[in-house]
Amino acid sequence: MDNANTMSAEVDAAVIEELHEALESGELVLFVGGGISAAAGLPTWRQLVDLLVERVREQVGDEVVVAEVASLARSQRYSEALAAAELALGAAEFNAFVEDALDDEGLELPRIAIAIAALRDRLRAVLTTNLNHLLERAFAFEWETMPRVTDEVAWRRRFILKLHGTLKEPASWVFARERFLASIAAPDVRRSLTAVLSKCPVLLIGFGRADSNFDEMLSDIHALSGSSPPPRFLLVPSASLTPYRRTMLVGMGFRLIPYDTPDGSHDRALAILERMSAPRPRATASRASRSIVPPPIPDLELPPSSSPLGFPSYDLPSDLAAYDDTVTIPGAIEAPRRERASEPPASPIEVFFSYSESNRELRDKLETHLAILKHKGVIRGWHDGEIGAGEERDLAIAEHLETAKIILLLISADFLASDFCYDVEMQKAIERHERREARVIPVILDACDWEGAPFGRLKSLPRGGRPVTSWVNQSEAFTDIAKGIREQVEQLSQNPS
């Protein structure tokens, strides 16, 4: 039994260490549930629905309608119960009641909200299912609040995205699943939400009850993560992790950070967050160099979803006077820490895309997979689509062919048949490669007889020269390509000459 406990402690410590690394990367996204609202004394989703049941009984009096709302609540189908209550009460009465019930004005900020805000300098963004303004207040209104998903979430930083809307704007509220799906119906919006969830590590806080709604939300996040997902961390009460549930979550790729609730409180979850915000000493021992950039972005396709990404949470107590400043995960905070990655180069490495116009769509997908390198300031991509009105096309291409440090040849039959791609761009690229002025990387998009070309002796991507279009899952092919390009970028960053 001692061996089992020791192994569990070591695993927990390793997960905590991985979480610290994700935090230090500056790309961590917090997904915050209703636990912080309950900690401030506001009603949970279940409590809000119970209050609405009584309101419907008072205002409508129809026991059939009351029974419908109550039945949905008992089944933990809270979004449907809220929609049914709105239909029964009418929009004006429903909105006024919800706004009054969830208004946090005048309430003291709970310590868990303060602990979350203490991490803000190392976070990319916060997603939340809360309507209230506790998080905005904890962040001193320094971060932009987005009351709905837009196409900006893919490239913005330092924002709070409120997936269910924001309290003072009832038109932004999203309770029913149909409304949520409508809110992300635009293709660019759907792709943007997927981009955030597929390229950034995520820590879920304030979710803990083992109900079907929460499980569906976790399934959504898992489905949106792509084939090479970044880590997903779940801070969860140990009591909710039955053997089957633990196996299911681990099988979906979630890193579990369990904590005990011996007195029914969630103080130890708060302790973990507060320890995360504390400065950590750098390791002094020399270590092997690490990648300067996170993994590439998986394909930004949105699979079918079964839940509106946000549901009820467990209750965090408003009275935290009995707070115990200990963490029940042995070695979690004291675990040795790897050195942080080196800073990106002061000047981004220019990457030139040489391609046939018929392959524009595949080029766009590759560029999307390299977006994290661009966001980190490590690379700057260029292709003829960047040429502005009035610029001379051939001159602009020649200038960038001369200055780019990495030249990607996007190979297809159309590329080989193009006089400009083959005789101008490719020949110039090979000349610079031979003079060691640039690195040329053939990227095989489609099946064609390319081995006898001047670039045929160079190592190509994806691995083994397997054409992208021959992969069952093209996302895996582009991920493999992005990793290969990242390795070249790292080598150039360490040895720029």
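The values are calculated or read from the model by the stated rules, or taken from the named source; none is laboratory data. This structure is a prediction, so every number in the text was calculated from the model and none was measured. Please note: Cβ atoms are built from the backbone with ideal geometry, for glycine as well, and neighbour counts cover all protein chains shown. Ligands, DNA and RNA are excluded from the accessible area calculation, which covers all protein heavy atoms including side chains. Shrake-Rupley method; radii C 1.70, N 1.55, O 1.52, S 1.80 Å.
Taken one residue at a time, the phi angles of region 237-247 give Karplus couplings (6.51, -1.76, 1.60, θ = phi - 60°) of x, 4, 5, 7, 9, 5, x, 5, 5, 4, 4 Hz. Gly and Pro are set to x.
Computed with a 1.4 Å probe on the full set of protein chains, the accessible area for Trp155 sits at about 140 Å². Counting 0.36 nm for each residue step from Ala118 to Ala171 and taking away their Cα separation leaves a gain of 16.0 nm. Among Arg46, Arg363, the sequence by solvent-accessible area, most first, with a 1.4 Å probe is Arg46, Arg363. Counting only Cα atoms, region 109-173 measures 30, 26, 16 Å along its principal axes, largest extent leading. The three principal axes of the Cα atoms in region 230-278 give end-to-end lengths of 30, 28, 7 Å, sorted in falling order. Less than 5 angstrom separates the built amide H of Leu161 from those of Val126, Leu127, Thr128, Met146, all sequence-distant by 5 or more or on a different chain. Kirkwood radius, region 425-481, all distinct C-alpha pairs, inverse of mean reciprocal distance: 12.1 Å.
Relative to the present Cα-Cα distance, how much length would full extension add between Thr145 and Ser470 at 0.36 nm per residue of separation? Residue separation times 0.36 nm, minus the Cα-Cα distance, leaves 112.7 nm. Based on the Kirkwood approach, the hydrodynamic radius assigned to region 97-140 is 11.4 Å, with every pair of different Cα atoms included. Accessible area per residue, 1.4 Å probe, Å², for region 339-452: what's the number? Here the residues of region 339-452 average 47 Å² of exposed surface.
Based on the convex hull around the alpha carbon atoms, region 1-136 presents an average projected area of 11.5 nm². Karplus-based coupling profile of region 435-444, in residue order and whole Hz: 7, 6, 8, 8, 10, 9, 10, x, 10, 7, with θ = phi - 60° in 6.51 cos²θ - 1.76 cosθ + 1.60 and x standing for Gly or Pro. Here the label points at Ala239 and Ala447, each 7 Å from Cα along the C-beta direction, are separated by 6.0 nm in the simple model. Database remark: amide H of Val236 closer than 5 angstrom to the amide H of Ile257, Tyr259 (H placed geometrically; neighbours at sequence offset of 5 or more, or on other chains; Pro and chain starts carry no H). Shown here for region 415-497: trypsin sites (Lys or Arg not before Pro) in loop regions (DSSP other than H, G, I, E, B) with at most 14 other Cβ atoms within 10 Å, namely Arg435, Arg436, Arg457, Lys459. Within the full protein context, the accessible area of Arg393 is estimated at about 110 Å² for a probe radius of 1.4 Å. Surface calculation, 1.4 Å probe, protein heavy atoms: Ile411 sits at approximately 0 Å² accessible. Based on alpha-carbon atoms, the Kirkwood radius and the radius of gyration of region 346-497 give Rg/Rh equal to 0.93.
Computing the accessible area with a 1.4 Å probe over protein heavy atoms, can you report the carbon and sulfur percentage for region 46-86? For region 46-86, the apolar C and S fraction of the accessible surface comes to 44 percent. Once the 1.4 Å probe is applied to the protein heavy atoms, region 80-152 comes out at 40 Å² accessible per residue.
Computed over Cα pairs, the Kirkwood radius of region 27-103 leads via Stokes-Einstein (1.306 mPa s, 10 °C) to a diffusion coefficient of 122 µm² per second.
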